[in-house]
Structure formats: structure tokens, C-alpha cells
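Report on one structure; see the data block that follows.
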Amino acid sequence: MEKRLSVMIVLLMVAATIFAGGKQETQAPVTAPASAPAVTATYDSTFKGDLAFGGSTTVDPIITAAIEEWKELYPNVHISYEGVGSSTGIKGVLAGTYSLGAASRELKAAEAASGAVTTAVALDAIAVVVNSNSVSLSNLSVEDVAKIYAGEITNWKELGGADSSIVVFNRDEASGTYETFEKKVMGKTEFMKAASVTTGNGDMAAKVGATPNAIGYVGLGFISEKGLKPLSLNGVEASIKNVYNGTYAVQRNLNVVFTELGKIEDAFVNYILSKDGQDIVADLDFIPLP
Amino acid sequence: MKNDTPSHERFIELMLFLFACVSIISVIGITFFIFEEGLPLFVHVNFFEFLLSSDWSPTADNPSFGILAFIIGSIFVTTISLIIAVPIGIATGVFMSEYANPKWSSIVRKGIELLAGIPSVIYGLFGFFFIAPIIRTLTSSDTGLGVLTASIILGIMVLPTIINTTEVSLRAVPRELKEGSLALGATYWQTIIRTLIPAARSGIIAGIVLGIGRSIGETMAVLMVAGNSPIMPKGLLSNTRTLTMNIVTDLKYAEVGSLHETSLFTTGIVLFIFILFINLLVHYFMKKSLERTQGK
């Protein structure tokens, strides 16, 4: 009963974010700094002006939260962030439309050659999860996960589990989590279209947790939700430690992109890299830099 | 006479008129907004391809915007929900207006009012935690999500609309018709089936069409139970995605200013036209019903 209640609460929260038109897919932030964060060494009261940033929708919540905090620190600086996607963001930086961009991927050779530079501001990792009550497996190879999502493996028995069909939950095509999973797990393989589509990490966690024989994937911050069992991939457990030492396969850097850092932009990037900035990263269920 | 009205009376009249304009302005504003945001899609995407293709891959390298699967999904789910709701709704309406004693009538009415007031998220939760496991146990469906579960939930959601309009229309049938039928020796049941329901037909149909509108526009509840795969539904147990679900699912992540975002507004236009058409139907049947009961 208690379990059902907590899953219900998660679903309700998912519903709440949808109703609120919220962009981020997090639970309520655990702590929000009540007042302006401690002034860092780079604080400069002469900062003022309007700045336009833009790029990845995945990094959007981090940048937007940092901008919110900055409003109190530098009331004369007005920053806008447009979530136009990584590629458009990098283009915008190269064209001078944005003085700072954000990308949830690394630069392509041509982009680097044009003068774009990146700095990682956070890490993102995705765990493959199964319904803990019905799936006995605890490790899968990345290839097998890809085959499940391609619809080539349809029964747990083919992987050494019980004889029951695999219930596959996927994410909406445009989500950053989907994108990372596609890039790091699927590679060139196509997703099957028939899988049920969930609309957020919370929704995914609730549905996999409540559906027998289900498999899904969530951001690392969600693996301890009720009814979920995170799988090891290629024998490597999904944990922050393995993300930091680089052995966990499904991870990526979240970057800021620029050609040349202006004074204010430099201070802004330093702010995200500071302890306050990394706290924001952790609050949003991304992984702070080691 | 008008000139004698105190000035504050005229002020109140003016204020009330302005308030009355709020809804009209809103409707015009919303219409303008979705058409302005959605129509530019057809500069880049063929109109017929948008409506007649079922390949929805808005973020692929070679993007494709086909919403046929969602149109069919909406129509499919709505149709099944009405197949479930119409018999139950009309039967309940007949019971309330013709059979129930005041005590029962009041109990049932309170239940229906409650049903109408439950937020759709709760219907979604109920569907996911109660209906889906039952469907999972009774059928070959692995998830218990899909067309059937969504239709059952929608069916329950539109019941109050159908029950209320049925009851009101039956009560509005002229007393002489009923008495005439009974006087000719028809049984009570024959009177209901052959006289009352045909006489109240337009009103009942208007209620059903209102139900269609509610069913096709519902978002939250179906989002939680329909499975949400962007595929053509293949049967009652197949996952499906409706027009409303498509907008909610993709809008959160669609890149601002992208064709993908525009296509969601265009999906909204299609939904808008559906609803407009349904409203015209309701209007037509309401008018007919009024004429009939006034004996024209």
C-alpha cells in the first residue's frame, strides 16, 4: 500500500510538472539557496548589459537556474537563454548571435575548426532500469539493451531470464534523455516505434516500477524510485563513482560553448563551476563535476 | 425611460458588457494565435502529407511530420469510449427521469455530480493503477495500457454529460405524448422506447456529441493510460497516441522556433477544427430538440 502511494505521488508530481508547463523533469528541489549566494572572487559591480545565451534544451534548466541566481547578484545584467537545441546553439555562438552557448554533446570537427571551444559544466548519465519484482537479471550488455529497444529481443528468456515478454518503455523522441540513450546505447540501431512512450523521468520510473516485466531508462538521480532495479551495463554498475572514472558507458558531458569568453560570460561560467553552481546541477538531478 | 436611468446604473451595465466580452475576445485571441503559430508549417511541409502520413519523426535528420496516426488514435479512442458510455448513459438517464423514486434519483444524481467534478489526473491515476492491471490480467496486453484502457476511462468521464442531457430531454417531452401512448395500451417500456426516446432524440444526440467533444479534447487522463506510442493503433490493446497527447508529449522538448514546435500548433489547429465541427453539430441538434419540444 505504501509503495503504491509513493508511486502515485510520483505520478502526481509528473502530472503537476506537465500542468505547470515545466521544462525540467525533476522532483521538487531539495534545497534552494534562500538568499544571494556568497559573493565569489570574480564579483564585479560594474557588470551590466543584456546578454543572449542559447543552446541545448537539456542544459536549459541548469543555465536558467544559474541566471535566476545571478539576477540577485548582478541586478544590472540581463541574460536570456533560448532552448534551441545543441546544434543551433553552436551555430548561434559561431555566428555571434549568442555570446555563450550550451551543448549536450561534444563538438563536431567542423565546429571546432570554426573556432568553437567547450567547457564541461556537468555530467549526465542514464541508467537502464527494470521492474524489480519480476525481472531477475541484474546485468545486460549494451548490445542486448539496444536489441531490446530495436524489438529484436522480445522475451526475457532469450537473455537468461524468466519466460515472459519484455515490456518496453521509451521516452518521447525530443527529450535529452532519449537523445543520450539513442547515441550511447542504440548507435545506428533504430528504436521500434511500438514501445510505450513516457513523458518524463518520473513518469518512466512510475510506469516501470508498476508494470511487471518492464524495462526503461532514467537519469541517474531516479534509480532509487520504488519498484526499480538499475541494471549493470557490460558488468559496470550505474553509479556516480563509475561515471567519474569513465567506465560507465551511458554518460555524456554537458558543455558550455563559446569562441572567446567576455568578462561577464567568464564570470558566469565560473559561477556554474563554483560550489553554488554545482549545487544547482545536483538539485536538477544531473551529476556535478568530480 | 432610458434617460432616467441613474448614471451608476449605466456604468454597471457597461461593466457587465465589458466582462461579457472577455470570453469572446479570448476565443478570437486563441483562434488567431494557434492559426498564426501553426499555419506556417505548410510552407515547409506538404498539407496532405501532414494529414495523411503516419510517420512522425520530428527530430530525425530528415524530419517527417505526419499526424494521421494521432487523428485515427483520437477517433478510435473516442468511438470506443462512446460505445461504452452511450448505452450506460441513456439507460441511467431513462432510469432517473422515468423510474427512480425521488430518494434514489437524488442519490444517483449526487454520484453523477461527483463524477463530473473529479479532475482528469485522478481519472488517469485510477486508470493506471486500477483498470490497467485488470486489462493486463484479463487480456494478452503486457502493459494494460492502450486504446481499451483509455476508452474505458474516457467512457466514465463522459457519462455525466450523456446522463444529464438524456434526463433533461426526456423530462422536456410533452406530457400528452406519454399519456397518449399509455392510453393507447402501450406498456411503460414500449412508451419509453417508441415514444419518449424518439421524441427526445435530438437532445440525447446533442448530449452524445458534447461527449464526443469532451472525449476528443481530453488530455491528461489518456496521456497516463494510452501508452503514447506514435504508431497507428492496430487494435483494442494496441498503444496509441491522440492529437492532444502528441501536443503535450512533444511541446516540453520541442526546440523553440523550430518546425517541430510549429507542427504542434498545427496539430492544435486540426483539433480546433474537430471541436468546431462538433460544436456546430451540438448547436444544430439543440435547436432541433427545442423546435420539437415546442411542437413545431
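The values are calculated or read from the model by the stated rules, or taken from the named source; none is laboratory data. Small disclaimer: the values here were computed from a predicted structure and weren't measured. Cβ atoms come from the backbone with ideal geometry, glycine included; neighbour counts cover every protein chain shown. In case anyone asks, the SASA skips ligands and DNA or RNA and just uses the protein heavy atoms, side chains included. Shrake-Rupley method; radii C 1.70, N 1.55, O 1.52, S 1.80 Å.
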Could you check B:F65 against (1) surrounded by fewer than 14 Cβ atoms within 10 Å (Cβ to Cβ); (2) over 30 Å from B:V173 (Cβ atoms); (3) aromatic (F, W, Y) and say which number it fails? (1)
Tell me, please, whether a residue that is away from every other protein chain (no Cβ under 14 Å), charged (D, E, K, R), assigned to a helix (DSSP H, G or I) and within 18 Å of A:N253 (Cα to Cα) can be found in the stretch A:104-114. yes
Would you check if there is a residue in the stretch B:189-212 being free of Cβ contacts under 8 Å to residues at least 60 places away in the same chain, hydrophobic (A, V, I, L, M, F, W, C) and more than 14 Å from chain A (Cβ to nearest Cβ)? yes
Pairs only if they're at least six apart or on different chains, beta carbon under 6 angstrom, first in the stretch B:128-156 and facing chain A (nearest Cβ under 10 Å) and under 22 Å from A:G216 (Cβ atoms), second part of a helix (DSSP H, G or I) and open to solvent by 40 Å² or more (accessible area, probe 1.4 Å); list them, first residue then second. B:G144/B:R136
Check A:A205 against each of (1) modelled with pLDDT of 90 or more; (2) within 12 Å of chain B (Cβ to nearest Cβ); (3) crowded, with 21+ Cβ neighbours inside 10 Å and name the one condition it does not meet. (2)
Residues that are under 21 Å from A:G151 (Cα atoms) and more than 14 Å from every other protein chain (Cβ to nearest Cβ), drawn from the stretch A:210-227: A:Y217, A:V218
Tell me, yes or no, whether the stretch A:180-187 has at least one residue that is of a type outside the set (K, R), within 19 Å of the chain's Cα centre (by Cα), surrounded by fewer than 21 Cβ atoms within 10 Å (Cβ to Cβ) and assigned to a loop (DSSP other than H, G, I, E, B). yes
Going through (1) in contact with a Phe, Trp or Tyr (Cβ under 8 Å, 6 or more places away or on another chain); (2) exposed (fewer than 14 other Cβ atoms within 10 Å of the Cβ) one by one, B:S74 fails only at (2)
Tell me yes or no: at least one residue of the stretch A:162-175 is open to solvent by less than 10 Å² (accessible area, probe 1.4 Å), farther than 30 Å from A:P61 by Cα and modelled with pLDDT of 90 or more. yes
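Please tell me if B:I163 is crowded, with 24+ Cβ neighbours inside 10 Å and touching a residue at least 40 places away in the same chain (Cβ under 8 Å).
Taking the combined requirement at face value, the residue satisfies it.
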Count, please, the residues in the stretch B:189-198 that happen to be under 20 Å from B:I163 (Cα atoms), open to solvent by 50 Å² or more (accessible area, probe 1.4 Å) and not hydrophobic (A, V, I, L, M, F, W, C). 1
Tally time: how many residues in the stretch A:48-90 are open to solvent by less than 40 Å² (accessible area, probe 1.4 Å), more than 14 Å from chain B (Cβ to nearest Cβ) and not in a helix (DSSP H, G or I)? 5
Any chance you could count how many residues in the stretch B:117-138 are open to solvent by less than 50 Å² (accessible area, probe 1.4 Å) and touching a helix residue (DSSP H, G or I) at 6+ places or on another chain (Cβ under 8 Å)? 11
Pairs where the first residue, in the stretch A:154-165, is away from chain B (no Cβ under 13 Å) and the second is β-branched (V, I, T), C-beta under 7 Å, 6+ apart: A:L159/A:I153; A:G161/A:V135
If you go through A:F268, A:F222, the only one that is surrounded by 18 or more Cβ atoms within 10 Å (Cβ to Cβ) and either small (G, A, S) or under 21 Å from A:D203 (Cα atoms) (or both) is A:F222
Members of the stretch A:188-202 found to be more than 9 Å from every other protein chain (Cβ to nearest Cβ), over 24 Å from A:L123 (Cα atoms) and surrounded by 24 or more Cβ atoms within 10 Å (Cβ to Cβ), listed by number: none
Identify all residues within the stretch A:131-161 that are assigned to a loop (DSSP other than H, G, I, E, B), surrounded by fewer than 22 Cβ atoms within 10 Å (Cβ to Cβ) and hydrophobic (A, V, I, L, M, F, W, C); write none if there are none. A:L137, A:I153
If only one of B:F65, B:F35 is touching a residue at least 12 places away in the same chain (Cβ under 8 Å), in contact with a strand residue (DSSP E or B) (Cβ under 8 Å, 6 or more places away or on another chain), at negative phi and not β-branched (V, I, T), which one is it? B:F65
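Tell me, which residue of the stretch B:234-248 that is over 20 Å from the mean Cα position of the chain (by Cα) and within 11 Å of chain A (Cβ to nearest Cβ) is farthest from B:I118 (Cα to Cα)?
The qualifying residue farthest from B:I118 (Cα to Cα) is B:K234.
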